[in-house]
Amino acid sequence: MENVRLGIIGYGNMGTTHADNILKGKCPDIKLVAIADHKPNRLEAAKEIFGEEVNYFGNAIEMLDSGLIDACLVAVPHYDHTYFAIESMKRGIHVMVEKPAGVYTKQVEEMNEEAKKHPEVVFGMMFNQRTNCLYRKMRELIKSGDYGQIRRTNWLITNWYRPQAYYDSGDWRATWAGEGGGVLLNQCPHQLDLWQWICGMPTKVLAKVKYGKWHNIEVEDDVTAFVEYENGATGAFITTTGDGCGTNRFEVQMDKAKLVVEDGKLFLWEFEMTEQEFSATNKRPFASIPCKKIEVETDGENLQHVGVMNAFANKIMGKGELVAEGYEGINGLTISNAMHLSDFIGKEITLPIDADLYKEELMKRVKNSKRVKDTVEVFEDNTSSFGNV
């Protein structure tokens, strides 16, 4: 295979981002040969850029059946991620799915089961934050075992500020029927994925979720969650789109170290001995563990979307591995669904969640959802307003 012939489903914000990266030569092993979108104005916009070099389809299934593509990028609103991924797999087409993997775990389980039937298909998830050198290094240090077990994790991710105009920019945004959730489904899938990728999956989740607290929307824009891990460690995850000047701080406390990612840097507080050893041997009532603070050096690489797509092409061509396997998309979504379900029913949730109960509770809200019709479509920092075709 000389190069990977790619088709994009959904020429909205993320679809245009990936297409632009290919146009600029950032993905040398990928050739963009087709774009599908049900909105004629989007296809016209794409045609002005790519001309006759690309084939254009108003129906995504027609593109999948065309025989023109080897691989597909799914960049549509969340509910349709699994549908188009499954349709690609059934046709032997390699598929990369934008985040999140889906809206509820039951549909993602179905996608993963379909993927097992097609081992020849390369199936990836667009978890581009895994390419960030800070998080890769943090994971490496934690997984090394040099610092003992995790004792506590805290992620304060409140710099996702969005004004009301953002939510008014598309009728699918911030509705149960159109998006399936708010800050947890739209802004935070990357952090939820990184949280479990670095620290492991929790076993219990308890959350307080506020819907339309700061905006005129149906879904959540303020979340405070508490989790427990198998080893007894605890964690907190706090996020919102309502803080005018928010914070992004990820902290992990371990037996023999503390790690913090904040403001584009990774810091390590390395203890002289484990906390357990110090507590057992120290004789001074108000003593602190001797430690040294280090700004951790990394390889500096942060390839983001381009890195994920190039790894996808390399995997298809037998030259490397994916940044994130498609199967892994269910993990962060499980945590997100657990947070919602905990608030929906007012109880702590033990993982794995009851997927049927979550879908039932979600559909109650979808049934009463009111998608705003008087909106202005814009292409900005999220998936396209595509819809099932």
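The values are calculated or read from the model by the stated rules, or taken from the named source; none is laboratory data. Treat the numbers as computed from the prediction; the structure is a model and nothing was measured. Cβ coordinates were reconstructed from backbone atoms using ideal geometry, including for glycine residues, and neighbour counts include every protein chain displayed. Heads up: the accessible areas ignore ligands, DNA and RNA and are worked out on the full protein's heavy atoms, side chains in. Shrake-Rupley method; radii C 1.70, N 1.55, O 1.52, S 1.80 Å.
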### Query
If you take the charge dipole of region 172-224 about its Cα centre, with +1 on Lys and Arg Cβ and -1 on Asp and Glu Cβ, which of 200, 215, 176 is farthest toward its positive end?
200
### Task
Express as a percent, rounded to the nearest 5, the fraction of DSSP beta bridges in the chain (both residues included) that run antiparallel.
60
### Query
Where the only charges are on Cβ atoms (+1 Lys, Arg; -1 Asp, Glu), what is the dipole of the chain about its Cα centre, to the nearest 20 debye?
740
### Task
At 7 Å along the Cα-to-beta-carbon direction for both residue 216 and residue 146, put a label point, then send me their distance in nm to one decimal.
5.5
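Students often get this wrong, so check it: of 24/315; 26/319; 31/116, which have C-alpha atoms separated by over 24 Å?
Numbers: 24/315 21 Å; 26/319 17 Å; 31/116 27 Å.
The pairs that break the limit, which is 24 Å between Cα atoms, are 31/116.
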### Task
Order these peptides, 316-322, 267-273, 182-188, by their mean beta-carbon neighbour count within 10 angstrom, highest first.
182-188, 267-273, 316-322
#### Entry: region 1-135 - percent relative contact order, Cα under 8 Å, separation 6 or more
21
#### Entry: Residue list for region 112-147, given a label point 7 angstrom along the Cα-to-Cβ vector of residue 299 and an amide N cut-off under 13 Å
131-138, 140
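If you rank 22, 345 by how much accessible surface each has, with a 1.4 Å probe, what is the order from largest down?
Details: 22 25, 345 60 Å².
From most accessible down to least: 345, 22.
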#### Entry: Rounded accessible area per residue of the chain, 1.4 Å, Å²
43
#### Entry: Under 5 Å, built H, 5+ apart or other chain: amide partners of residue 175
180, 181
### Task
With springs connecting C-alpha atoms under 10 Å apart, model the chain as a Gaussian network and identify which of 286, 127, 237 has the largest mean-square fluctuation.
286
### Task
Enumerate the residues in region 288-321 having an amide nitrogen under 16 Å from the point lying 7 Å beyond the Cα of residue 20 toward its Cβ.
304-307
### Query
Using a 1.4 Å probe on the protein chains only, how many percent of the accessible area of region 281-337 belongs to carbon and sulfur?
50
### Message
Quick check: the angle from helix 13-23's long axis to the longest principal axis of the chain, C-alpha only, nearest 10 degrees?
### Response
80
### Summary
Taking Cα atoms, the helix 189-199 axis meets the longest principal axis of the chain at an angle in degrees (rounded to 10) of 40
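Got the relative contact order for the chain handy, in percent, Cα pairs under 8 Å and 6 or more residues apart?
On the way: 833 pairs, mean separation 91.9, N = 389.
With pairs under 8 Å counted, the relative contact order is 24 percent.
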## Note on the structure
Rounded to the nearest 10, the angle in degrees between the Cα long axis of helix 304-316 and the longest principal axis of the Cα atoms of the chain comes to 70
#### Entry: Peptides ranked, highest mean first, by Cβ atoms within 10 Å: ranges 10-16, 95-101, 61-67
95-101, 10-16, 61-67
